[in-house]
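> Structure incoming, see below.
The values are calculated or read from the model by the stated rules, or taken from the named source; none is laboratory data. None of the values given here were measured: they were computed from a predicted structure. Reconstructed Cβ throughout: ideal geometry from the backbone, glycine too, with neighbour counts over all protein chains shown.
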Amino acid sequence: MPQQADRRPAKGEKAPVSREAVEWGFRLLAGRPPITASEFDSFLALPDLDAMRRAFTNTATFHQFFDAVLTGVPTYRMPLFLLRSSKSQALDWRFQPPDLEIPGSQLSTASQFTDPAFLEIIGAMGLNPRPSRVQWEQAWIVSMLATAGLVAPGKRGLGIEPDRERIAALLASRGAETLAIGGDPGAAAEGGTRRMRLFYPEIVHLEDFDRLVGFTVFEPQALHTLTSDAFDFCWSLGMPSRLRSIESTLAFIEASLVPLRPGGLALHTLSFNLSSDTVTWELPDLVILRRQDIETLAGRLDAAGHRILAFNTHPGIDPADEKVTSEVGRTLAHRQRHGVVVSAAFGLAVRKAG
């Protein structure tokens, strides 16, 4: 089929996108060749050159270049909305460098990766400590539980959609019981296999693990149907960021309180918007909560007698807290760029009424 010649725009008409323009866009704005033919075609299908320019300036490689113009490295600067106190009476707002000795609802920061509590917890999990998001998430949850006296025999927790994290094994090594639930389509046929993905022999004996850790197939979005007062605590790692919309995320966090006993603790790690309190993402696999969303949630919870614990918006003061990455993965830097939004791991702790 003959290739269509590039057409000149009529007077007052925006210039159309040509193959040559897309090729130059990749060279000058993306700084790389297209990854696939379909990526090239997606830029070619844009309605005009202005749309093409906007699309190229939203690529990860362009952000890396733009961020590094002044400093030579991609960086992030703290916005003012994190500094202001909360207007919500439902939030106990704090602004101080967070740590894991006395944790609350807080951001991941560089200093916490050398915190004695972090090193102790990660060591107890049989890991070599390193500044990764997934290690911080696990350490924050265990620190919150330990501070509340919940890492002990007789305590019972609910793990929501666990993958390969080591929290259940560590709790079992201390005598606490865990029921892990998940909606994996293949889990019904391989429930034993899925359960054993939570077992780590360097942390807990198999006999204790089998006695204290169970797994059942259950859709996490149906948490509100579980029996009330069955657990002392629950936790999830990144689950609220995979629920397609802000409203679904807030509803999930509220529902996670249903199976808890009065005074029980719900702990969730999620993606928090560091760059804006207005512009954010609501995608099928990425929901980034803003400060205003957590303030909205606090009001809804407070009306039912629940409380978000010690809401701390301090983003850290270490030079490493200014660095961002555009790469994908929970084991990478704790500051991550998603287009125009910079996010960080955030631990949200909610105390059930009672």
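> Restricting attention to the stretch 157-185, which residues are part of a loop (DSSP other than H, G, I, E, B) and within 22 Å of the chain's Cα centre (by Cα)?
Once the filter is applied, which keeps residues that are part of a loop (DSSP other than H, G, I, E, B) and within 22 Å of the chain's Cα centre (by Cα), the stretch 157-185 yields 161, 162, 163, 164, 165, 166, 183, 184.
> Need at least 1 residues that are at pLDDT 95 or above and not hydrophobic (A, V, I, L, M, F, W, C) per element, so show me which strands (runs of 3 or more DSSP E) inside the stretch 291-354 make the cut, counting only ones lying wholly within it.
Strands (runs of 3 or more DSSP E) meeting the threshold: 307-312, 341-351.
> Go through the residues of the stretch 229-247 one by one and say whether even a single one is surrounded by fewer than 21 Cβ atoms within 10 Å (Cβ to Cβ), within 19 Å of the chain's Cα centre (by Cα) and modelled with pLDDT of 95 or more.
Checked the stretch 229-247: at least one residue is surrounded by fewer than 21 Cβ atoms within 10 Å (Cβ to Cβ), within 19 Å of the chain's Cα centre (by Cα) and modelled with pLDDT of 95 or more.
> Separate question: Among the helices (runs of 4 or more DSSP H) lying completely within the stretch 186-290, list those that include at least 1 residues that are within 20 Å of residue 146 (Cα to Cα).
So the answer is 206-212.
> Residues 89, 96, 106: which one is loosely packed, with under 12 Cβ neighbours inside 10 Å, in contact with a strand residue (DSSP E or B) (Cβ under 8 Å, 6 or more places away or on another chain) and under 20 Å from residue 290 (Cα atoms)?
96
> Here is a follow-up. Working only within the stretch 243-269, note down all residues that are touching a Ser or Thr at 6+ places or on another chain (Cβ under 9 Å) and of a type outside the set (A, V, I, L, M, F, W, C).
Correct list: 249, 256, 259, 261, 268, 269.
> Is there a residue in the stretch 10-22 that is among the acidic types (Asp, Glu), surrounded by 12 or more Cβ atoms within 10 Å (Cβ to Cβ) and either over 20 Å from residue 340 (Cβ atoms) or at pLDDT below 90 (or both)?
Checked the stretch 10-22: no residue is among the acidic types (Asp, Glu), surrounded by 12 or more Cβ atoms within 10 Å (Cβ to Cβ) and either over 20 Å from residue 340 (Cβ atoms) or at pLDDT below 90 (or both).
> For the stretch 136-150, name all the residues that are outside any loop (DSSP other than H, G, I, E, B) and free of Cβ contacts under 8 Å to residues at least 40 places away in the same chain.
Within the stretch 136-150, 139, 142, 146 meet the criteria.
> Among 98, 153, 129, which is the only one that is assigned to a loop (DSSP other than H, G, I, E, B), farther than 25 Å from residue 208 by Cβ and not acidic (Asp, Glu)? Let's see the steps before the verdict.
Numbers: 153 fails: farther than 25 Å from residue 208 by Cβ; 129 fails: farther than 25 Å from residue 208 by Cβ.
Just a single option satisfies the conditions, and that option is 98.
Here's the yes/no breakdown for (1) within 23 Å of the chain's Cα centre (by Cα); (2) of a type outside the set (A, V, I, L, M, F, W, C); (3) modelled with pLDDT under 80:
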| site | (1), (2), (3) |
| --- | --- |
| 72 | no, yes, yes |
| 87 | no, yes, no |
| 94 | yes, yes, no |
| 97 | yes, yes, no |
| 103 | yes, yes, no |
| 106 | yes, yes, no |
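> If you don't mind, another one. Considering each of 95, 40, 113 in turn, give the residue that is in contact (Cβ under 8 Å) with a residue 24 or more places away in the chain and either within 18 Å of residue 317 (Cβ to Cβ) or out of contact with any His (no Cβ under 9 Å at 6 or more places or on another chain) (or both).
From the options 95, 40, 113, the qualifying one is 95.
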